[in-house]
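Chemist: One structure is given below, represented as structure tokens, and several questions about it will come after.
The values are calculated or read from the model by the stated rules, or taken from the named source; none is laboratory data. Predicted model, so just to flag it, every value in this text is computed and none were measured. A quick note on method: Cβ atoms are made from the backbone with ideal geometry, for glycine too, and the neighbour counts reach across all protein chains shown. These accessible areas exclude ligands, DNA and RNA; they are computed on the full protein's heavy atoms, side chains included. Shrake-Rupley method; radii C 1.70, N 1.55, O 1.52, S 1.80 Å.
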Amino acid sequence: MEELGAPVRRIWQEALVLAVVGIEVVLLVLTATSPGEWWRAGLAALLAGALMFRHRHWPWLLPLVLALNSLSWSLAILIIVTYAYATRSTSRLRTFLVSVLAVASGAVPVAALQGPAISTTGTVMGLVLTVLVVAAAAATGMYISTRRMLLAQLHKRAEQAETGQAAAEEQARRAERTRIAREMHDIVAHKISLVALQAGALEVNSNLERAQVEQSAALIRQTATTALSELREVLGVLRSDGEEAPLMPQPTWEDVRRLVETSKDAGITVDLFDFIDDPVPDPLARTAYRVVQEGLTNIHKHALHTKARVALIGEPGTELIIEVSNVLPKGFTTDLPGARMGLSGIETRVAHAGGTITSGPTDDGRFEVRAVIPWPTTT
């Protein structure tokens, strides 16, 4: 709409300029008493035609029209040219100089119209009137120019703000998708790994007694049911705003200890060294839970037949140290897929809690995941 409105507005402006100058030319023709007045009317008409090209050649065309207007004595052209130049020029000095030229071109007819019989007062009043007319036209043009510049700046800022908001929203959506993916990985990968390992144990041990088979099958069912329930809870947050999305219970410090017991039930040899005697804050417990969960999940996938160890050390006012390690396996491979984002998600969680995390082989032949997280003193 704005692009279509600009040409229409320009057409109306050109029509208005031609109409105003045309009325003045008609009045000059009707009141002409000498060939000189006819000549001035014709020159005013030519200058009005030249104004149609002011949009592209205004820097030199408008001053030239003002200079030639001193011969045609057209008040309409004087006002239009001064206004048009002031609305386009960004230099106050050039606008002032053109205004001086306009006063000078207007002073020529004022001085020529005064005869010897007219007092000097009439000439002075004519010059004052010319200055006032030119000043009013220039001031109005400068006001319109300043207003246009401000509107353009505001429009530009609004576009930049919209662009920035769109970029921020897209970044927030990406961050939320990444967070949900990591949450799903943290919650589901651990239990799905247990299911795969338990099913694999049933597959390779065909001589198990019925009670052992039933126990393993019950453990698989319980683990799969828990994983499905937790997955449903995570996906619940993706519902629309008008639907209720129940939140699952967040892990506590007891759940950290329970993770180790679950891994033992899955057939992993893991020892827990728990040196924590004080109550652990829930936010810190949730971070610790994810660290231990990711470490044990990797052991389930890649080092099932090795001996593992989980160490929990710390006290309020110092740091909580979490170590999940296992003996490096020799020639052991697994067909369980790795998402390659578990450790990355844990690093983000630990960094958000103000801590650090490292992972990799140690000098004593183990693979260790070690997190150090500040443990604030409760007040």
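Chemist: Counting just the residues of the stretch 288-305 that are among the small types (Gly, Ala, Ser) and within 17 Å of residue 328 (Cα to Cα), which one comes out surrounded by the fewest Cβ atoms within 10 Å (Cβ to Cβ)?
Modeler: For the stretch 288-305, the residue satisfying everything is 303.
Chemist: Give all pairs with beta carbons closer than 6 Å in which a residue from the stretch 210-225 that is over 18 Å from residue 264 (Cβ atoms) meets a residue that is among the aliphatic types (A, V, I, L, M) and crowded, with 16+ Cβ neighbours inside 10 Å; count only pairs at least 6 apart in sequence or on separate chains.
Modeler: Listed by first residue and then by second, the contacts come to 224/195.
Chemist: Considering each of 130, 90, 123 in turn, give the residue that is more than 30 Å from residue 57 (Cβ to Cβ), in contact with a helix residue (DSSP H, G or I) (Cβ under 8 Å, 6 or more places away or on another chain) and at pLDDT below 85. Even if it seems obvious, please write down each step before you answer.
Modeler: Values: 130 fails: more than 30 Å from residue 57 (Cβ to Cβ); 90 fails: more than 30 Å from residue 57 (Cβ to Cβ).
The match here is 123.
Chemist: Residue 220: open to solvent by less than 60 Å² (accessible area, probe 1.4 Å) and modelled with pLDDT under 70, yes or no? Steps first, answer last, please.
Modeler: Numbers: open to solvent by less than 60 Å² (accessible area, probe 1.4 Å): yes; modelled with pLDDT under 70: no.
Considered against the rule, which asks whether it is open to solvent by less than 60 Å² (accessible area, probe 1.4 Å) and modelled with pLDDT under 70, residue 220 comes out as no.
Chemist: Restricting attention to the stretch 235-252, does a residue exist that is surrounded by 12 or more Cβ atoms within 10 Å (Cβ to Cβ), modelled with pLDDT under 90 and under 14 Å from residue 371 (Cβ atoms)? Please lay out each step first, then the result.
Modeler: Start the filter on the stretch 235-252 by keeping residues that are surrounded by 12 or more Cβ atoms within 10 Å (Cβ to Cβ), which leaves 235-237, 245, 248, 251-252.
Then keep just the ones that are modelled with pLDDT under 90; that gives 235-237, 245, 248, 251-252.
Okay, now just the ones that are also under 14 Å from residue 371 (Cβ atoms), so none.
No, because not a single residue in the stretch 235-252 is surrounded by 12 or more Cβ atoms within 10 Å (Cβ to Cβ), modelled with pLDDT under 90 and under 14 Å from residue 371 (Cβ atoms).
Chemist: Do we find that residue 357 is hydrophobic (A, V, I, L, M, F, W, C) and modelled with pLDDT of 85 or more in this structure?
Modeler: Working: hydrophobic (A, V, I, L, M, F, W, C): yes; modelled with pLDDT of 85 or more: yes.
Taking the combined requirement at face value, the residue satisfies it.
Chemist: Right, something else. Can you run down the residue pairs with Cβ atoms below 8 Å, 6 or more apart or on separate chains, where the first is in the stretch 298-324 and part of a loop (DSSP other than H, G, I, E, B) and the partner is open to solvent by 20 Å² or more (accessible area, probe 1.4 Å) and aromatic (Phe, Trp, Tyr)?
Modeler: Note: pairs meeting the criteria are 303/332; 303/367; 304/332; 305/332; 306/332.
Chemist: Follow-up. If residue 23 satisfies all but one of (1) within 24 Å of residue 147 (Cβ to Cβ); (2) open to solvent by 50 Å² or more (accessible area, probe 1.4 Å), what's the number of the condition it fails?
Modeler: The number of the failed condition is (1).
Chemist: Going by the structure shown, is residue 312 modelled with pLDDT of 90 or more and closer than 22 Å to residue 271 by Cα? Lay out the reasoning, then the answer.
Modeler: Details: modelled with pLDDT of 90 or more: yes; closer than 22 Å to residue 271 by Cα: yes.
In short, yes.
Chemist: In the stretch 136-169, what residues are among the charged types (D, E, K, R) and within 16 Å of residue 86 (Cα to Cα)?
Modeler: 147, 148
Chemist: Test residue 98 against the criterion of being under 14 Å from residue 141 (Cα atoms) and open to solvent by less than 10 Å² (accessible area, probe 1.4 Å), and give yes or no. Break it down stepwise before answering.
Modeler: Details: under 14 Å from residue 141 (Cα atoms): yes; open to solvent by less than 10 Å² (accessible area, probe 1.4 Å): no.
Judged against the criteria, residue 98 is not a match.
Chemist: Same structure, new question: Working carefully through the options 128, 134, 124, find the one that is in contact with a Leu (Cβ under 9 Å, 6 or more places away or on another chain) and assigned to a helix (DSSP H, G or I). If you could, list the steps in order and put the result at the bottom.
Modeler: Values: 128 fails: in contact with a Leu (Cβ under 9 Å, 6 or more places away or on another chain); 124 fails: in contact with a Leu (Cβ under 9 Å, 6 or more places away or on another chain).
When all the criteria are applied, what remains is 134.
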